[in-house]
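What follows is one structure encoded as structure tokens, with my remarks underneath.
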Ligand SMILES: *[C@@H]1O[C@H](CO)[C@@H](O)[C@H](O)[C@H]1NC(C)=O
């Protein structure tokens, strides 16, 4: 009987502390299905179940972080509560993973990965793509963007429903002067967001989820301090447009 109960425990509760680098703190529950591009990545890894976020950029492509590559991944689209079987959900396995060829797991440089789905999604009100930025576009510091995810909502609380929080894009210096990030923050390929003064919106979205500015996926949740406090570092999507387009054009196996 105990084994049976154990299996019913939501995946998130089984995660060891630090299993993800992401959590939404100081945010709120999203209006259900208001972000139809959001993808929930359910991963079975050698270290146990883990989750990541991602976002739909083509009918059979999800963009996420390269540090989410480990394990066997199932993608759930059209979800609000990932622990319920909602009619809107489309659960699709991953046919092929394309981590960026120059992803560096020490520096988290080039932390992005395309997942080719085993079949295209069925477009619906609840499942659709988000536009990518123009190559080289730079989001001005002070812009208010948002990030969403199914990660923890505090150090100890998990959630099943999608949460979101607004984040201000910061000057590169805000991330560069953080000693834990100095080695790793590279302005040409990374973005800095989350005002360190605003404890309330301190956050980190689920790894791999999008930083959305003006309806466009400008960033990918990548890394930050272990306690989840702002600022956080995002992969700068506009620096990778040629690689993303080229990879999505590759013929299917
Ligand atoms: C990865 O990043 C680390 C830390 O910045 C650096 O020492 C190392 O040379 C990089 N590896 C590659 C293959 O570029």
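If I go through segment 51-68 residue by residue, how many of them are touching a helix residue (DSSP H, G or I) at 6+ places or on another chain (Cβ under 8 Å) and either within 18 Å of residue 223 (Cβ to Cβ) or modelled with pLDDT under 95 (or both)? Show your work before the answer.
Keep residues of segment 51-68 that are touching a helix residue (DSSP H, G or I) at 6+ places or on another chain (Cβ under 8 Å), which gives 51-52, 54, 57-58, 61, 63.
Right, trim to either within 18 Å of residue 223 (Cβ to Cβ) or modelled with pLDDT under 95 (or both) and you get 51-52, 54, 63.
Residues flagged as touching a helix residue (DSSP H, G or I) at 6+ places or on another chain (Cβ under 8 Å) and either within 18 Å of residue 223 (Cβ to Cβ) or modelled with pLDDT under 95 (or both) within segment 51-68 amount to 4.
Answer yes or no as to whether residue 123 is within 16 Å of the ligand (Cβ to nearest atom) and modelled with pLDDT of 95 or more.
Working: within 16 Å of the ligand (Cβ to nearest atom): no; modelled with pLDDT of 95 or more: yes.
So residue 123 fails the test.
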(request) Please go through segment 99-120 and pick out each residue that is near the ligand (Cβ under 9 Å from one of its atoms) and surrounded by 21 or more Cβ atoms within 10 Å (Cβ to Cβ). (result) 108
(message) Any residue at all in segment 147-164 that's closer than 30 Å to residue 249 by Cβ and either within 16 Å of the ligand (Cβ to nearest atom) or in a loop (DSSP other than H, G, I, E, B) (or both)?
(response) no
(message) Go through segment 188-201 and report how many residues are surrounded by fewer than 24 Cβ atoms within 10 Å (Cβ to Cβ) and modelled with pLDDT under 95.
(response) 7
(message) Based on this model, can you work out whether residue 94 counts as in a loop (DSSP other than H, G, I, E, B) and either away from the ligand (no atom under 16 Å from the Cβ) or modelled with pLDDT under 95 (or both)?
(response) no
(message) Given (1) within 18 Å of residue 149 (Cβ to Cβ); (2) at pLDDT below 95; (3) in contact with a strand residue (DSSP E or B) (Cβ under 9 Å, 6 or more places away or on another chain), identify the lone condition not met by residue 217.
(response) (2)
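The values are calculated or read from the model by the stated rules, or taken from the named source; none is laboratory data. Remember, it's a predicted structure, so these values are computed and weren't measured experimentally. Cβ coordinates were reconstructed from backbone atoms using ideal geometry, including for glycine residues, and neighbour counts include every protein chain displayed.
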